[in-house]
Amino acid sequence: MEVWREPARELPVIGRPDILVVGAGSAGIAAALAAARRGGEVWLVERLSYVGGLATGGLINLLLTLDDGEGNQVVAGLCQEIVEALDRQGEAVHPPAEEWGSVDTTAVDAWRRWGLIWGPPPEAVRYSVAFDPEAFIDISYRLLDEAGVKLRLHSWCTAVHTRQGRIEAVVLESKAGREVVMPEVVVDTSGDGDLVAMAGVPHEQVPVLPYLWFRMGGVEVRDEGAGPHGLYFRTTGAGRVLVPWGGPGMAEAKIDPLDPDALSRAEVQLRSGARREADRLIAEVPGFEHAWLDDFTKQIGITESRRLVGDYRLEKDDHKRTFPDSVARTGHWTVRGVTYDIPYRCLTTPLLSNLVVAGRCISASRYVHQATKEIPAAMATGEAAGAAAVHALNSRGDVHAVDVAGLRSDLAAAGADVGGSG
């Protein structure tokens, strides 16, 4: 490959916050809130023009799931706080607690139409939530502002510089040029493990099928219109439905989720296919006669890319275990009765003392990743990472020196379900 050497130059240092959170998806929002509410000076940096990631711009407007499939809530804390805020605005729909775990077919079918029932039979009602993405964004902005988080959109993290086993500087790039932030602790909630890779930390990666969900308006919603997993899902907006386009049978092939050329081809192919599907729905499905294609997702649906190889790798059979350093819990959105305690060690790497990872790129096997990548689990690990970052400030940013028992108590006192033992 032909190369060109970039000339060395001095870059302006624009800040030295206690904590830099990179990526303002659901995990990043939770991390920033958890850190700022505990007194940290927090910067939250996002490459896109909005927060929420796939939960908002990706139109994956489903929190799957906050329970274990047997009627017990296992994700709470900040995720539950946002659900309650959405409830107050009338922008969330979910089963009442008395229905969680029910196998009544009438109830199951009713919630399936909202996109809240997944997995093999016997199916059951889960504590999952359908929500409005714009309301999620507005609530997040309000909470971040109230907590004192410095939010910086339209900024890419393009380089990480380490010294003596810690991240010393993070380079951001935007319309303002290249700038440097020198935080005490860094939280990687980029979804793609961008800082993990830039810092040379070991990670895993596999090709994936992309998605491009879209919404249609002007639909006369009829219950009988939803087949298995639905031709479409109902939404909180009157006459608006969500169509889960992409994946098996719709995407042409698995792609490298980090290859911009592959992503570009997939965007074009999926958009063309989605347009044809919208036309088919209008032509063939009762209730769509006067409908229109309302909007496409603002970002291609990539639910897996890099995964950290951290201090501990959560494995399939670990659902049978409890961990004394567990800082979060999650159920599995397609498997009932399976819950995972998430050890703090899944968020850290032995190679860097001041890096914490949260969201879909934590250290887990690909099987477990199917549970930990979901929005509620991402928010749970984000909350844990943000709190841990503040605790690490007591030891000059060393995340391995955190008193995990104290961290667990702190998180539990704030309403999080930390699972574990001891």
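Right, G239: touching a helix residue (DSSP H, G or I) at 6+ places or on another chain (Cβ under 6 Å) and part of a loop (DSSP other than H, G, I, E, B) or not? No.
For first residues located in the stretch 137-152 and under 25 Å from V171 (Cβ atoms) and modelled with pLDDT of 95 or more, partners that are in a helix (DSSP H, G or I) and not small (G, A, S) and lie 6+ apart or on another chain with Cβ distances below 6 Å form the pairs L151/L144. Just one of (1) in contact with a His (Cβ under 9 Å, 6 or more places away or on another chain); (2) at pLDDT below 95 fails for V309. It is (2). For P207, the conditions (1) of a type outside the set (A, V, I, L, M, F, W, C); (2) crowded, with 16+ Cβ neighbours inside 10 Å; (3) closer than 22 Å to E304 by Cβ are fulfilled apart from (2). Taking the numbered list (1) outside the structural domain of L20 (by TED's automatic domain parsing); (2) modelled with pLDDT of 95 or more; (3) not in a loop (DSSP other than H, G, I, E, B) in turn, R126 passes all entries but (3).
Of the residues making up the stretch 363-385, those that are crowded, with 22+ Cβ neighbours inside 10 Å and more than 21 Å from T56 (Cα to Cα) are S363, A364, V368, A384, A385. G69 satisfies every condition listed in (1) over 22 Å from A55 (Cβ atoms); (2) assigned to a loop (DSSP other than H, G, I, E, B) except (1). Out of V3, V103, I need the residue that is in a loop (DSSP other than H, G, I, E, B), in contact with a Pro (Cβ under 7 Å, 6 or more places away or on another chain), over 30 Å from A392 (Cα atoms) and free of Cβ contacts under 8 Å to residues at least 60 places away in the same chain. Which one? Testing whether each residue is in a loop (DSSP other than H, G, I, E, B), in contact with a Pro (Cβ under 7 Å, 6 or more places away or on another chain), over 30 Å from A392 (Cα atoms) and free of Cβ contacts under 8 Å to residues at least 60 places away in the same chain leaves just V103. Considering the stretch 285-332, and only residues there that are hydrophobic (A, V, I, L, M, F, W, C) and under 30 Å from R408 (Cβ atoms), the residue that is surrounded by the fewest Cβ atoms within 10 Å (Cβ to Cβ) turns out to be V309. Of the residues making up the stretch 386-403, those that are surrounded by 22 or more Cβ atoms within 10 Å (Cβ to Cβ), out of contact with any Gly (no Cβ under 9 Å at 6 or more places or on another chain) and not in a loop (DSSP other than H, G, I, E, B) are A387, A388, A392, V399. Just one of the listed residues (L263, L270, L281) is outside any loop (DSSP other than H, G, I, E, B), of a type in the set (A, V, I, L, M), crowded, with 18+ Cβ neighbours inside 10 Å and out of contact with any Gly (no Cβ under 8 Å at 6 or more places or on another chain), namely L281.
In this structure, is V149 within 21 Å of A384 (Cα to Cα) and crowded, with 17+ Cβ neighbours inside 10 Å? The answer is yes for V149.
Residues in the stretch 28-43 include at least one that is in a helix (DSSP H, G or I), surrounded by fewer than 24 Cβ atoms within 10 Å (Cβ to Cβ) and of a type in the set (D, E, K, R).
Note on the stretch 125-161: residues that are farther than 25 Å from E41 by Cβ, of a type in the set (A, V, I, L, M) and in contact with a strand residue (DSSP E or B) (Cβ under 6 Å, 6 or more places away or on another chain) amount to 2.
Residues in the stretch 92-117 that are of a type in the set (F, W, Y) and in contact with a helix residue (DSSP H, G or I) (Cβ under 9 Å, 6 or more places away or on another chain): W111 only.
For D145, the criteria (1) under 23 Å from E91 (Cβ atoms); (2) touching a helix residue (DSSP H, G or I) at 6+ places or on another chain (Cβ under 8 Å) hold in every case but one, which is (2).
The values are calculated or read from the model by the stated rules, or taken from the named source; none is laboratory data. Please read all numbers here as calculations on a predicted model, not as lab measurements. Virtual Cβ from ideal backbone geometry, glycine too; neighbours counted across all protein chains shown.
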